[in-house]
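Student: Once you've had a glance at the structure underneath, I'll fire off some questions.
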Amino acid sequence: MDSAVQRTLKERARLDIECRVLLPNGTTRWIAVTGRANFASSNAPSQLLGVAIDITERHRVEVESRQISGKLITAQEDERKRIARDLHDDLNQRLALLSVEMDIFGADSKDRRDSARERFDSMSSQIKELSSEVHRLSYQLHPAKLDQLGLVVAARTFCREVSLQAGIAVHFEQHDVPRDVGADVALCLYRVIQEAVQNSVRHNGGVAIQVSLSHAEKVIRLFIADEGKGFEVDHAIHNGGLGLVSMRERVRQVRGSIQFTSAPGKGTRIEVTVPLPPPKPTEA
């Protein structure tokens, strides 16, 4: 509080802070303080005018809302992981087995008429395509590479696959990013990359996309950019931009910050900074 007042006097800035107050009875209240300083002709401060408002209830609601948002994201990821596991371990395996059985059956049926054989081959091909699609959906729901090989490999693989599927150059680079950045941080950054790149592919007009991960001073920085159509950030956030809201909430859950920079015709920039979790203590 004192430092904020001193800064207001020194910089002649507006005072606008929230602080926690411990009352004599042991209860805690949250107070919002706003004000300004008046200065005499000698440039010395003469008055400090302001108002303090008890925002304890608002603060409690905000904390509960953030906790609920975090729980919803965690529940969503748990459900995605379960569905991905079921797709990969059950349905995809059964499709693969059926495809093998059809190949064996087809090889043993040399006396089939040509039309029947062609239809059989078409069905076998469709099953293989369906198996590939199930595998792709499973990976999108929860990429196994993220758990097994880390953020960099999973992000690079995703960018390469999007580039091949969409026919758009998605350039990925990384600088000194450690393999283990913590499960929560890795999942957060991967989901931001996934959402941002897919949005860019849908809306940027086919221009190249740049994705960069870097590590310095105990933080991970993510930069995603394109020179596409761009959009009005405030309008998108307040009018159904669930993707932007989801990215922002995910980053907040890992104590990071995210900035969206865009305008119609000016392309899009997304910058994320996330602190690395402290290293796990080594076992004696």
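The values are calculated or read from the model by the stated rules, or taken from the named source; none is laboratory data. Source: prediction; values computed, not measured. FYI the Cβ positions are ideal-geometry reconstructions off the backbone, even for glycines, and counts take in every protein chain you see. Please note that ligands, DNA and RNA were not included when accessible areas were found on the heavy atoms of the full protein model with its side chains. Shrake-Rupley method; radii C 1.70, N 1.55, O 1.52, S 1.80 Å.
Student: Across the stretch 1-45, what is the number of residues that are at pLDDT 65 or above and within 23 Å of His59 (Cα to Cα)?
Tutor: 23
Student: Which one is most open to solvent (accessible area, probe 1.4 Å), of the residues in the stretch 115-171 that are of a type in the set (Lys, Arg) and modelled with pLDDT of 90 or more? Steps first, answer last, please.
Tutor: Of the residues in the stretch 115-171, the ones of a type in the set (Lys, Arg) are 117, 119, 128, 136, 145, 156, 160.
Next cut, modelled with pLDDT of 90 or more only: 156, 160.
On the way: Arg156: 96, Arg160: 127 Å².
So the residue we want is Arg160.
Student: Let me ask something else. Just need a number here: residues in the stretch 147-179 that are under 19 Å from Gly228 (Cβ atoms) and part of a strand (DSSP E or B).
Tutor: 3
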